[in-house]
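Read the structure below first, then the notes.
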Amino acid sequence: MPQLSRRTETFTDSVIRRMTRVSLKYGAVNLSQGFPDFEPPREILDRLAEVSREDFHQYSITWGAQNFREALAEKQSRLMGRTIDPNSEIVVTCGSTEAMMAAMMTIANPGDKVIVFSPFYENYGADAILSGAEPIYVPLYPPDFGFKADELEAAFRQKPKALILCNPSNPCGKVFTYEELKLIADLAAKYDTFVITDEVYEHIVYAPSKHVYFASLPGMWERTISCSSLSKTYSITGWRLGYIIAPPEIIDVARKVHDFLTVGAAAPLQEAAVTGLRFGDEYYADLAAKYTAKRNLFLKGLDDLHIAHTVPQGAYYILLDISEFGFESDLEFCEVLARDVGVGAVPGSSFFREPVNHLIRLHFAKRDETLYDALNRLEDLRKKIPVRR
Ligand code: GLN
């Protein structure tokens, strides 16, 4: 057989997605890959049923259906504090996954550097490599996962093309404060760097933390490529609807990349999702309240089991400390956890640049009964997983 592409040699398939398959194999409660097991809003589903009988079965405009872009522009203009032009400042993509990949390909030449905070969402490493860029990692320090200004500036001195900002952050649950974002903004301006955001958890934030859109900081609109999606906000991860919002010169290029990668997101799903984009503010308040209750339920359950864990300010992930079990491989721990305890988790090493193997990630975007089922199973954790010395 001829040689396959060298481009993919330095990364594996996604461990997050792999852990979903492991959970299925063992019949474990799957708290690994972050997606809900409850229904999307009824109004969106009702509209989907109607749409199936209407005229939405052919390609939409490659950068997104007009109706969808208009509804999105209206919603995000309200939130981001500036008027977003649906005709020149938006590309609709197949999930934020495509948005991030297209953003990287829009800005990076082979050999360019991009700053990535560690821990980071798994995709960014592969995105950088596939687009020919080289990540420079800057650590975030627990418990609040703040960065050190001098370490960040040292990374900027290496003349990166962009910084990738996941806010609220997966997997550590950090919500960056205005002051932290301002510091990043000042460095981005000083070193003339783009900022690519991943803001898919923008509506899943726990009081008193607040989400600040990076593009809304003074002077940042021009250099920010804002990526997000409808997946988490409307519980429709399988619909693969995401988007990029940026100034027209950047969108012009991103549209080309998107056009040749995927042509476009699914037309009937865009039309049905417009219903969600037109929800009023109370929908987002209810969503945050629902996730706050789930977070509290799950954290209390973990506290009762005396397992040390992070407390997220946003998003729906928790990192658990498994040091006491003495495993050398967190991947093996997760396999044993799924098989013997019946709970699916993601090994922490998938998210860290540093050699971390004492953490696992669980998520709580599940019905309360699913969370109670997982907590019941975790009660036997110490009985079923013997300590290794
Ligand atoms: N963001 C989710 C997670 O971290 C899953 C995303 C995905 O698998 N595309 O688990």
**Prompt:** Which of the residues that make up the stretch 322-333 are surrounded by 19 or more Cβ atoms within 10 Å (Cβ to Cβ) and either of a type in the set (S, T, N, Q) or assigned to a loop (DSSP other than H, G, I, E, B) (or both)?
**Reply:** 322, 327
**Item:** Some residue of the stretch 310-321 being farther than 19 Å from residue 20 by Cα and surrounded by fewer than 19 Cβ atoms within 10 Å (Cβ to Cβ)
**Value:** yes
**Fill in**
Of the listed residues (336, 387), the one being surrounded by fewer than 18 Cβ atoms within 10 Å (Cβ to Cβ), more than 16 Å from the ligand (Cβ to nearest atom), among the β-branched types (Val, Ile, Thr) and more than 30 Å from residue 126 (Cβ to Cβ) is 387
**Fill in**
Here, helices (runs of 4 or more DSSP H) confined to the stretch 13-95 with at least 1 residues that are in contact (Cβ under 8 Å) with a residue 60 or more places away in the chain and closer than 23 Å to residue 264 by Cα are 42-51, 66-80
**Complete:** Just one listed residue, out of 187, 165, 183, is over 21 Å from residue 365 (Cα atoms), at pLDDT 95 or above, surrounded by fewer than 24 Cβ atoms within 10 Å (Cβ to Cβ) and within 16 Å of the ligand (Cβ to nearest atom), and it is 165
**Those residues of the stretch 339-359 which are within 18 Å of residue 376 (Cα to Cα) and within 16 Å of the ligand (Cβ to nearest atom), in sequence order** = 343, 344, 345
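Looking at the structure I just gave you, is residue 302 in a helix (DSSP H, G or I), out of contact with any helix residue (DSSP H, G or I) (no Cβ under 8 Å at 6 or more places or on another chain) and touching a residue at least 12 places away in the same chain (Cβ under 8 Å)? Walk me through how you get there before you give the answer.
Working: in a helix (DSSP H, G or I): yes; out of contact with any helix residue (DSSP H, G or I) (no Cβ under 8 Å at 6 or more places or on another chain): no; touching a residue at least 12 places away in the same chain (Cβ under 8 Å): yes.
Here the answer is no, as residue 302 does not meet what is asked.
Being assigned to a helix (DSSP H, G or I) and exposed (fewer than 15 other Cβ atoms within 10 Å of the Cβ) is the requirement here; does residue 151 meet it? Let's see the steps before the verdict.
Numbers: assigned to a helix (DSSP H, G or I): yes; exposed (fewer than 15 other Cβ atoms within 10 Å of the Cβ): yes.
Against the criterion (assigned to a helix (DSSP H, G or I) and exposed (fewer than 15 other Cβ atoms within 10 Å of the Cβ)), residue 151 qualifies.
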**Message:** So in the stretch 2-27, with the set limited to residues that are of a type outside the set (D, E, K, R) and surrounded by fewer than 12 Cβ atoms within 10 Å (Cβ to Cβ), which one is farthest from the ligand (Cβ to nearest atom)?
**Reply:** 2
**Asked** For the stretch 207-248, how many residues meet the condition of being small (Gly, Ala, Ser), crowded, with 21+ Cβ neighbours inside 10 Å and farther than 18 Å from residue 43 by Cα?
**Response** 6
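The values are calculated or read from the model by the stated rules, or taken from the named source; none is laboratory data. Owing to the predicted nature of the structure, the values given are computational and were not obtained by experimental measurement. Using ideal geometry, Cβ is built from the backbone for each residue, glycine included, and neighbour counts are taken over all protein chains shown.
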